[in-house]
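What follows is calculated from the coordinates using simple rules that are stated; it is not laboratory data. Only a predicted model underlies this, so the values are computations on that prediction, with no experimental measurement involved. Cβ sites come from the backbone with ideal geometry, for glycine too, and all protein chains shown count toward neighbours.
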Amino acid sequence: MPTSRSAKEICREDPDSISCKVAKKREARRKRYKEQYGDEKPEAPEATKPEDRKTKAPKPVTERQKYLDEQERKAGI
């Protein structure tokens, strides 16, 4: 993914544009974040383990699957 252009580059083209103001705010926000957290990235939370998959799906789901299977057989897919 390409990096965003710096506020200097954007404001050089048109200092009164909205994109210049947005870029300045973005850089200020990044600076505050870096001061608060430093170079380290916050740790991502651990993924939760899926529940036991041995349980059966509710009846409407299984009925829908049967219907879809039957339609596929009729269509010859």
Review point. How would you rank Thr62, Thr48, going from fewest to most other Cβ atoms within 10 Å of each one's own Cβ?
Key: Thr48, Thr62
Study note, to complete from the structure: By Cβ neighbour count within 10 Å, fewest first, Ile18, Ile10 rank Ile18, Ile10
